[in-house]
Amino acid sequence: MRNSPLERNRAYALLKTVGHAVISAFSSLFLLLAPLVGKPRKPLPENRFFEILDFVFVSGPRHFWKRPTAISAGRSLSTFLHFVLEKERRFVEKKDPKAFTLVEVLVAITVLAIVLVLGLQGLGQIAGYRTNVSDRVDLWQDLYYNVERLVSIVKDGGVIDYEEYWNRFAMGTGTNVGNLSSANIGGGYANLTGFGNYGAGGSIAPGGAFWAGQYLCLSGNGTPMGTGGCLSSFNSAGADMTGMPQRYGQYALQFFDANANANGDLGDENGDGRSTGDDDDEELGAGPAAFVPGEPLRELYLIKKNSAVPERLILRWVVAADPNRPSWATCVGNADGSVTGSGCIGRVEMLRLVGRDYGIAHSGSVASSWRFDGKIDTWECRGDFHCAGNENTPVWSGSSFNIGTTEWVSVFPEDINVKSVSFSPYPHKDYRLSWKENDPSIRIAPYVRIDMTLGFSWIRRKKFNAGSDPQAHVTTSVSLSD
Ligand SMILES: [Ca+2]
Ligand SMILES: [Ca+2]
Ligand SMILES: [Ca+2]
Ligand SMILES: [Ca+2]
């Protein structure tokens with residue numbers, strides 16, 4: 001059976017049930033107490049007003065109210081008169097002049113007091129419930145628009161940027177821990193990657209020198225390197241590159257062995273001083289994962305390679321103490337990247353980069369190795385993102401929460417608190433490079449799953465009932481294409 005919207009309303013149903021319960025309790029109590037105090041049982045007194053209402057709205061010919069005609073009006077009138085006259089003849093109440101006893105009065109007052117107290121408490125709860133519901137409705141409305149916005153940004157971002165994930169894999173995924181003031185942000189990764197603009201050993205401090213190029217993978221003398229890449233060994237740098245920034249293109253080089261015959265020439269088969277361009281070079285068609293498969297990631301790296309100017313989109317989650325929080329609310333970052341305390345505000349921020357073939361010095365005017373060789377080596381901020389490095393390259397100053405700066409832009413408005421977010425991109429290897437591998441999990445169409453918990457920041461929460469902190473969890477999958 002379908003109920004009307006009013007009957008499906010929780011608050012209405014609750015009120016109705018409470019009303020019935022109170023009336024039943026009253027009637028039962030009266031029927032129980034009446035004989036005890038010597039009051040004889042008698043028919044319940046008639047109430048003319050209620051009877052007329054009952055006739056008009058319930059017993060009366062209901063169709064009449066939809067389409068009254070002269071016949072039905074006459075019939076209704078005669079029915080009504082008959083009803084009234086019959087009742088008057090058959091039910092004549094004998095008025096009992098006996099007054100209430102003191103016990104009856106006391107019982108009545110006590111019951112009335114109990115009912116009033118319970119009723120007032122119930123009303124208070126209903127008011128609180130209503131406020132919570134309206135806070136939640138507001139959140140869902142905001143959520144809908146903002147998630148749609150995020151999804152369209154991601155959809156337009158391109159495919160998984162394995163180069164930056166490899167860079168992140170090498171640099172580590174540690175997060176900032178401890179008290180998070182506005183000058184000390186957490187949530188995102190603590191180590192800067194340099195976005196592929198700095199090679200191993202190059203300084204990625206703001207304004208630091210751009211230097212050190214890519215390293216090559218080389219099988220050793222008599223020991224093939226295998227297909228696990230050369231981050232920690234078998235590389236031309238002769239050192240463990242873990243914790244070192246990776247130049248853009250370094251992930252693809254993990255799938256290439258410059259000394260595939262594993263002899264003692266260090267990859268320079270023809271002895272011309274270069275280890276590439278020889279007979280012992282081999283595209284392996286297999287290599288390392290750019291991130292741990294299935295593990296939720298804190299940042300999303302996407303790339304559009306096929307555009308006239310290749311473009312990258314980087315989304316990160318950062319969290320800091322909410323500048324509008326009450327003084328008692330704290331915000332502490334934990335080692336696993338989560339945060340504790342009700343004084344935090346989390347954001348999803350984005351940065352867009354465009355690729356340039358500028359060479360190792362990252363300059364369109366200064367000549368340097370690899371300049372105009374057809375391979376992108378410089379990632380500068382897109383024109384509408386103003387970055388502080390030379391040639392508008394990003395510096396990613398990890399110590400400033402992005403309010404009022406233009407390098408990173410918040411995706412959501414300031415009254416939204418992104419309590420947590422994680423990205424799970426698939427697949428975990430670039431299938432274009434892994435053409436020799438049979439693993440079905442890397443032969444799927446790329447997509448990313450986004451898990452988010454959203455609430456309101458203190459600028460909005462101040463206007464709510466104390467303690468009201470509605471939150472909503474959302475999971476969405478976005479298919480990725482270039
Ligand atoms: Ca070689
Ligand atoms: Ca060789
Ligand atoms: Ca050579
Ligand atoms: Ca180049």
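Report whether or not ASP336 is at pLDDT 90 or above and either assigned by TED's automatic domain parsing to the domain that holds ILE204 or under 25 Å from LEU231 (Cα atoms) (or both).
No.
Given the conditions (1) away from ligand 3 (no atom under 16 Å from the Cβ); (2) surrounded by fewer than 22 Cβ atoms within 10 Å (Cβ to Cβ); (3) among the aromatic types (Phe, Trp, Tyr), report the number of the one that PHE256 does not fulfil.
Only one criterion is unmet by PHE256, namely (1).
Restrict the check to region 219-237 and report whether at least one residue is within 12 Å of ligand 3 (Cβ to nearest atom), polar (S, T, N, Q), within 29 Å of ILE160 (Cα to Cα) and in the same structural domain as SER434 (by TED's automatic domain parsing).
Checked against the condition, which is being within 12 Å of ligand 3 (Cβ to nearest atom), polar (S, T, N, Q), within 29 Å of ILE160 (Cα to Cα) and in the same structural domain as SER434 (by TED's automatic domain parsing), region 219-237 yields no hits at all.
Determine the pairs where a residue that is outside the structural domain of GLU407 (by TED's automatic domain parsing), located within region 365-392, has a partner that is within 16 Å of ligand 1 (Cβ to nearest atom) with Cβ atoms under 7 Å apart, the partner being 6 or more residues away or on another chain.
If the second residue must be within 16 Å of ligand 1 (Cβ to nearest atom), no pairs are left.
May I ask you to say which residue of LEU231, LEU253, LEU284, LEU218 is modelled with pLDDT of 95 or more and within 16 Å of ligand 4 (Cβ to nearest atom)?
Result of the check over LEU231, LEU253, LEU284, LEU218: LEU253.
For LEU231, indicate whether it is closer than 25 Å to SER441 by Cβ, away from ligand 1 (no atom under 16 Å from the Cβ) and crowded, with 17+ Cβ neighbours inside 10 Å.
Spelling it out, LEU231 is indeed closer than 25 Å to SER441 by Cβ, away from ligand 1 (no atom under 16 Å from the Cβ) and crowded, with 17+ Cβ neighbours inside 10 Å.
Among the residues of region 267-325, write down those that are of a type in the set (D, E, K, R) and within 19 Å of ASN176 (Cα to Cα).
Across region 267-325, the qualifying residues are ARG298, GLU299, ARG316, ASP322.
Any idea which of ALA286, ALA290, ALA329, ALA335 is under 21 Å from PRO394 (Cβ atoms), more than 16 Å from ligand 2 (Cβ to nearest atom) and either of a type outside the set (S, T, N, Q) or not in a loop (DSSP other than H, G, I, E, B) (or both)?
After applying the criteria, what remains is ALA290.
What number of residues within region 130-168 satisfy the criterion of being of a type in the set (Asp, Glu) and either at pLDDT 90 or above or within 30 Å of ILE376 (Cα to Cα) (or both)?
Residues that pass the stated criteria total 5.
Could you list, in sequence order, the residues of region 427-462 that are among the aromatic types (Phe, Trp, Tyr), over 18 Å from ALA252 (Cβ atoms) and in contact (Cβ under 8 Å) with a residue 60 or more places away in the chain?
PHE456, TRP458
Going by what's in this entry, would ALA321 be described as in the same structural domain as GLY202 (by TED's automatic domain parsing), among the aliphatic types (A, V, I, L, M) and under 25 Å from the mean Cα position of the chain (by Cα)?
yes
So which residues in region 263-277 are more than 7 Å from ligand 2 (Cβ to nearest atom) and more than 18 Å from ALA237 (Cβ to Cβ)?
Once the filter is applied, which keeps residues that are more than 7 Å from ligand 2 (Cβ to nearest atom) and more than 18 Å from ALA237 (Cβ to Cβ), region 263-277 yields GLY264, ASN270, GLY271, ASP272, GLY277.
Which of the residues spanning region 268-293 are within 7 Å of ligand 3 (Cβ to nearest atom) and buried (at least 17 other Cβ atoms within 10 Å of the Cβ)?
Within region 268-293, ASP268, GLU269, SER275, ASP278 meet the criteria.
The values are calculated or read from the model by the stated rules, or taken from the named source; none is laboratory data. Predicted model, so just to flag it, every value in this text is computed and none were measured. When we count neighbours, we look across all protein chains shown, and the Cβ atoms used for this are built from the backbone with ideal geometry, even at glycine.
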